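Q: Sending over a structure as structure tokens; questions will come in a sec.
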Amino acid sequence: MNVSVLSTREVAISSTNLALPGRRTGKVRDLYELPPDLDGGRRLLVIATDRVSAFDVVLPEAAPGKGRLLTQISLWWFRRLRRLGIVPDHVIHADVDAVPQLRPEDRPLLRDRIMVCRAAKVVPIECVARGFLAGSALAEYRRHGTACGVRLPAGLRPGDAFPEPIFTPATKAAEGHDENISFERGAEVVGEPLMRALRDRTLRLYAAAREIAAAKGLVLADTKFEFGLALDPSGRPTEELLLVDEILTPDSSRWWPAEELGKGVIPRGFDKQPLRDWLQSEVDAGRWDKTPPGPAVPEVVQTALLDAYAEVGRRLGAI
Ligand SMILES: Nc1ncnc2c1ncn2[C@@H]1O[C@H](COP(=O)(O)OP(=O)(O)OP(=O)(O)O)[C@@H](O)[C@H]1O
Ligand SMILES: [Mg+2]
């Protein structure tokens, strides 16, 4: 495993190299195959590393503990939402000691950052729900009065709530930026019945999470879910829809402090914005062009990011 020690806080895991088959790496997570369960169900080991991505580039330095925060926040939500029965999820367990394939010496570094999951065929649609005027929707609203093509009432201010949350799907691009698509375009890609199911589950999950979070002083401005089709023992996709990946973390969601709501400005959220602002200042100064490798991030910027992520975990009671 590649580890580095940033100051004295804790070890950062930037990559893993476990003696397990089927290694796949995303921008943040490393995935491995585990032997099937007794019923032949395909299983994956999902490890959240401390890698940080911004502007779709993985930065050279990892943020120590970020993967743990992501995993603990995700698990808290998986547990909380599973009870509501909206859609089954992919989590089997998150106990590093219950994975006999892991070497004892790797366990301390992996503790609290793994999930053992049901493997799925991931549906190639990013399922976004938005409830507040922010981000790319704000720019579009100012120009056209719409957000991802959905007409909104006049007079909304930045950070105001929509009358109803909206479903704004995007393509899950293998490379480069995700692109917003219409419901109809999504239906061409995955079929209309599945697209309807994605919209229904996404909006119900968003509404439930928003209500739960509101009671904890957090506003869920928007979020992205991924879904997959469960696999049969031979690895073929079934019709069973599963909620997969991470959910409701500051990497996938826009979280705001409730006390900053309704002031006509976008609240300073618990997210990567300080990092993005710093990176943008590097771009503006001509020192970076948004291609890999990114610049080394000052420790104070990295600490601000970790603090913001931890605050979401603290308010929820997930950490
Ligand atoms: N149960 C599952 N079965 C199969 N794949 C999964 C499952 N849960 C999550 N994944 C996939 O694992 C990857 C998680 O890694 P990570 O979050 O780092 O990726 P990403 O950079 O966001 O996405 P990508 O690299 O696919 O664009 C994603 O590609 C996600 O779709
Ligand atoms: Mg991801």
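No lab work stands behind these numbers, since they all come straight from the coordinates. These numbers were taken from a predicted model, which means no experiment stands behind them. So basically every Cβ, Gly included, is an ideal-geometry build from the backbone, and we count neighbours across all protein chains shown.
Q: Given the Cα atoms of the stretch 2-121, and with Rh set as the inverse mean 1/r over their pairs in the Kirkwood sense, what is Rg to Rh to two decimals?
A: 0.97
Q: While we're on this one: Residues of the stretch 255-282 with amide nitrogen under 17 Å from the 7 Å Cα-to-Cβ point of Val301?
A: 271-282
Q: While we're here: So which GluC sites (Glu not before Pro) in the stretch 120-206 are both in a DSSP loop and have at most 12 other Cβ atoms within 10 Å of their Cβ?
A: Answer in residue order: Glu175, Glu179.
Q: At 0.36 nm per residue, and after removing the present C-alpha to C-alpha distance, how many nm does the segment from Glu260 to Arg276 gain when stretched out fully?
A: 3.7 nm
Q: Treat every Asp and Glu Cβ in the stretch 112-259 as -1 and every Lys and Arg Cβ as +1, leave all other atoms uncharged, and give the resulting dipole magnitude about the Cα centre to the nearest 20 debye.
A: 320 debye
Q: A follow-up question, please. Please turn the phi angles of the stretch 189-202 into ³J(HN,Hα) values with the Karplus equation 6.51 cos²θ - 1.76 cosθ + 1.60 (θ = phi - 60°), one per residue in order, whole Hz, x for glycine and proline.
A: Result, rounded to whole Hz: 7, 10, x, 5, x, 5, 4, 4, 5, 4, 5, 4, 5, 4.
Q: Rounded to whole Hz and in sequence order, give me ³J(HN,Hα) for the stretch 216-225 from the Karplus expression 6.51 cos²θ - 1.76 cosθ + 1.60, θ = phi - 60°, writing x for Gly and Pro.
A: 10, x, 10, 9, 8, 5, 7, 7, 10, 10
Q: Based only on other Cβ atoms within 10 Å, what is the fewest-to-most ordering of Leu248, Leu81?
A: Leu81, Leu248
Q: Of Lys66/Lys224; Lys66/Lys216; Lys216/Lys290, which pairs sit farther than 26 Å apart, going by alpha carbon to alpha carbon?
A: In this structure, Lys216/Lys290 lie more than 26 Å apart at Cα.
Q: Roughly speaking, what is the stretch gain from Thr146 to Asp289, that is 0.36 nm per residue apart minus the C-alpha to C-alpha distance, in nm to one decimal?
A: 48.4 nm
Q: Calculate for the chain the 222 nm mean residue ellipticity that helices alone would give, adding -39,500 (n - 2.57) per DSSP H run of length 4 or more and normalising by residue count, nearest 500 deg cm²/dmol.
A: Taken over the chain, the calculation gives -9000 deg cm²/dmol.
Q: Based on the Cα gyration tensor of the stretch 276-319, what are the three equivalent ellipsoid semi-axes, each the root of five times an eigenvalue, rounded to whole Å and given largest first?
A: 28, 9, 9
Q: Across the chain, where is the longest run that never hits trypsin sites (Lys or Arg not before Pro) in a DSSP loop with at most 16 other C-beta atoms within 10 Å?
A: The answer is 112-171.
Q: What percent of all Cα-Cα pairs in the chain falls into each 10 Å bin, going from 0 up to the bin containing the maximum distance?
A: All Cα pairs, binned at 10 Å, distribute as 6, 25, 35, 26, 8, 1 percent.
Q: Provide, in order from the shortest bin, the percent of all Cα-Cα pairs of the stretch 122-271 in each 5 Å bin, continuing until the bin that contains the maximum pair distance.
A: Calculated P(r), rounded to whole percents: 2, 9, 18, 21, 20, 15, 8, 4, 2, 1, 0.
Q: Of Ser15, Gly159, Ala304, whose Cα points farthest to the positive end of the dipole of the chain (charges on the beta-carbon: +1 Lys, Arg; -1 Asp, Glu; origin at the Cα centre)?
A: About the Cα centre, the residue reaching furthest to the positive side is Gly159.
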